[in-house]
Each structure stands twice: as structure tokens, then as C-alpha cells.
Amino acid sequence: MKLTNEEQRMLNGEMGAFKQKALEKIIDYANVLGADELCEVKKSTVYFGAHPYLDVLGTEDYDEIFSTMMLCSDTVYELEDFSHDCFSQTCAAGCDFYKYKSLNMDENLFNRNRSYLSDTSKKGVSVAGSCTPYLTGWIPLSGEHFTTTESSNVIMANSIFGAYGNADGLEASAWSAICGRTPKWGLHVKENRYANCIFEIDCPSETEKDWDIIGYVMGKKLPPQGQPVISRGFKQPDIVKLKQCFASLATTSGCEICHIVGITPEAPDLETALGNNTNCEVYKITEEDYNEAIEFLSNKEGGSLELVSLGCPHYSLEEIRDTVEILNGRKIDKNVSVWLWTDISTQAMSDASGYTEILQDAGIEIFNSSCPMVMGRGCLDGIKSIAFDGAKQAHYLQSEIDAKVFYGSRKECLEAAINGRWGE
Ligand code: F3S
């Protein structure tokens, strides 16, 4: 392993036992991957805070929890400063940052979440509670190395910003946030970033739902280790449409980068996106694929509706504004709850813009830092019918909860919530 002087000093323990341990883990990881050098990580997101699975340790000592679960160590390390040169912020966690009662959440878990996040923020990890960190300033630039715990963010940062990162997992991202390094491997190396299969779009591509479904179908068709380039047939997407596309693409596949000709920086044209990859398979996403996906994601029977969860991935301010516009002064049916998920900073902007108050008056509650999937199924106990406007949640939760799951656009979800029924 080639180490710089600084890395060698860190490995010798000159920067403390915490960074030393994290670097040891990164070097172990590099050895397993076959990487012979490390790269400097400039941005990281981490999956910190309280999560129900942390209870298995039977302790509330956060140093012990962190050492066991994040550093994978039986030795207990005291939390020390994280890397200053790698900006780290939290991804979605097990709880809203402010509320727990209206989510049927345990008060103890809520308190532990605040306490754990406070412990790591004192050591340099900012609290954002976001699975869409690029919407509020977490933007690694072209060629910068990043690590992240959110699968859709891996695709976004690689594809749209041209930054370099892999889908490493929770622990590896924590090690990088502490020591500021990751193995130089996979998509951290330019030669590995070219597309190796081509997708042509022959289905609607105008709305956020269209792009959600495009990502969902593309992931199903993608071969193992596939790195797609979308070559033609699509209407120009914006960041919100891409957010949907990449979340669902990461749901049905292990994709980490997706080039789009004329849109993403490494795909000014098809030839450049493919590099030396020749004879690449061409896949089409047809209207039939599109309709099949929607049929699969949404219960066909329709019926009464109890809960609507909007914002997978977390809503941007623009989407919150659009929600207010769709409502247009109307109220949600009194038998339906509507949860709208975003991050802490976007919620603050929604408050300042007056949107939160309008939503509350209509019967919609805004939450941050989490979602029904990340919180654990307890928040959905007893629910018999639920609608999502994100294919990712509809896909995962339809097999995990004992409820009718409906999937549709934001407008379809809101109209159903206003009528109290899906499909009428
Ligand atoms: Fe975000 Fe939860 Fe969806 S973390 S991407 S809202 S599953």
C-alpha cells in the first residue's frame, strides 16, 4: 500500500487513536479490493443517529455503540474529531429531528437520536438529516472524491456532478468521514467510469413520475455491473426528475453511475460516454414496460386510503411549493393522514415561505430527517392502506407491510388524499 507521509503519520497514531483505527479499516478495505493507494475524500454523508437495530447491543454508551457498529471493533474508542478536510453531514436517520408522537415513535428512541447526533456533531459531523444532500449544498465537484450512505446520491454525485465515488456502505463511509481517505478503486478511477450499455427511451419522459418509472425499469433491465448511458428519446430532465430516476434505479439495481447524452458531464456525446467500450447492448424502455411497472407498484383494487407519504427521496423546496399549488386551498379528507418528508434546512425554508402553515391547515404534516422506510415499520403499525409518490418506497414496503400499497404522482396522491379513496 502506497501511503503519503500524512497517511503514514495517521497510521502511526500521531493524529489520535480514533483516526488511526478508521485508517486501519480503510487500509483493510483497500487490501480486500486490491487497491494499492488511497484518495482524499472531500465530501461524505453518514448514517448516524439512533436506529432501532442499534438496540441489539443492549447498551446506551454511544462510544461502545459507535466502536462496535461503525468501527467494527470490540475495543471501545472514545469519539474524537472527524476529518476537517472532508465535510461530513448526516443522511436520513431513525427519527424526525423535532417530533415523534405523531409518527407513533418511541420517545426513548427520539431522545437517543438527538443525543447521538449531538455527540457526533460536537466532533465535526453536521446534522442535515437529508437523503438528497445536493439540494442544499452538499455538492462534490467534478473529479472530487466522495463517500455516501445513500444509494441515489451515489448515482447523482457520480453522474451529474462528475464527482468520484462508490456505493460503499455505512461503515466505510464513517471511516472515510473520520480519516478523510477511501481506497482508490472502482469509480474513483477515471477508466472505470465509462458506460457499458445503452438505453433508449420510448416511453413518456415528461414528468417526475415518468422519470421515476424510467429509473425503475432501467434498473430491472440493467445487466450485472451495468453502467448505462441514456442515449436518446427523452425530454430534458431537471434535478427533481433525476432525483426520482436515480432513487428508483438504485432500487432495482446496484447501479452507481448513469450517463445521459447531452446532460451529464462525461457524456457530451454517446462515443465519449462509452470510451473504449464497443458492441454495447442496446436496451429500450417501452410504453409497455412503463405500464407494467406502474401495475406492479400499485394495488389494482383501489379503495379507502389511510395514509399518504410524500417525498421519497426527500422533497425539494420546489416540490413543497408544488404541493401547496396542487392543494389550491383544498383540505385533506379527515380520515387520511398525509406525511411530507424533507430535510431540516428545506423544512426551515418551507416555514419561512409560509408553505408549512398552509400544509398544516390543509391537513398535511411536514417531517424531516427520516421516512417510513428508515424509521422502521413500527410507524406504520395498524395501517391498512398507504400511498407513495416514490417508486422506491412503494417497491420496498409493498412486500414488508400488511397494507394495500398505492403508487402515483404527487398530484394523484394528493387528489386521493382529498377524496379519501384511491382510484376514484
Ligand atoms: Fe430517502 Fe427514505 Fe426514500 S431515506 S430515498 S425517503 S427511502
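Taken as a whole, segment 255-272 holds at least one residue that is open to solvent by 20 Å² or more (accessible area, probe 1.4 Å), at pLDDT 95 or above and within 16 Å of the ligand (Cβ to nearest atom).
Restricting to segment 1-19, what's the tally of residues that are in a helix (DSSP H, G or I) and free of Cβ contacts under 8 Å to residues at least 60 places away in the same chain?
First, the residues of segment 1-19 that are in a helix (DSSP H, G or I): 5-11, 17-19.
Filter once more, so that each one left must be free of Cβ contacts under 8 Å to residues at least 60 places away in the same chain: 5-6, 8-9, 11.
Number of matching residues: 5.
Each residue in segment 171-200 was checked for being open to solvent by less than 10 Å² (accessible area, probe 1.4 Å) and either closer than 12 Å to Cys39 by Cα or not small (Gly, Ala, Ser) (or both), and 11 pass.
Elements of the type strands (runs of 3 or more DSSP E) sitting completely within segment 318-419 and holding at least 2 residues that are within 13 Å of the ligand (Cβ to nearest atom) and in contact with a His (Cβ under 9 Å, 6 or more places away or on another chain): these cover 337-342. The single condition among (1) under 13 Å from Ala174 (Cβ atoms); (2) buried (at least 20 other Cβ atoms within 10 Å of the Cβ) that Ala35 does not meet is (1).
Where helices (runs of 4 or more DSSP H) fall entirely within segment 201-303, those with at least 2 residues that are without any contact (Cβ under 8 Å) to a residue 12 or more places away in the chain and of a type in the set (Asp, Glu) are at 287-297.
Count, please, the residues in segment 175-200 that happen to be outside any strand (DSSP E or B) and either more than 26 Å from Gly390 (Cβ to Cβ) or in contact with a His (Cβ under 9 Å, 6 or more places away or on another chain) (or both). Explain how you work it out, then say what you get.
Narrowing segment 175-200 to residues outside any strand (DSSP E or B): 175-180, 184-196.
So of that shortlist, the ones also either more than 26 Å from Gly390 (Cβ to Cβ) or in contact with a His (Cβ under 9 Å, 6 or more places away or on another chain) (or both) come out as 175-180, 184-186, 188-196.
Residues flagged as outside any strand (DSSP E or B) and either more than 26 Å from Gly390 (Cβ to Cβ) or in contact with a His (Cβ under 9 Å, 6 or more places away or on another chain) (or both) within segment 175-200 amount to 18.
The values are calculated or read from the model by the stated rules, or taken from the named source; none is laboratory data. No experiment lies behind these values; they were computed from the predicted model shown. FYI the Cβ positions are ideal-geometry reconstructions off the backbone, even for glycines, and counts take in every protein chain you see. Surface accessibility is based on the protein's heavy atoms, side chains included, excluding ligands, DNA and RNA. Shrake-Rupley method; radii C 1.70, N 1.55, O 1.52, S 1.80 Å.
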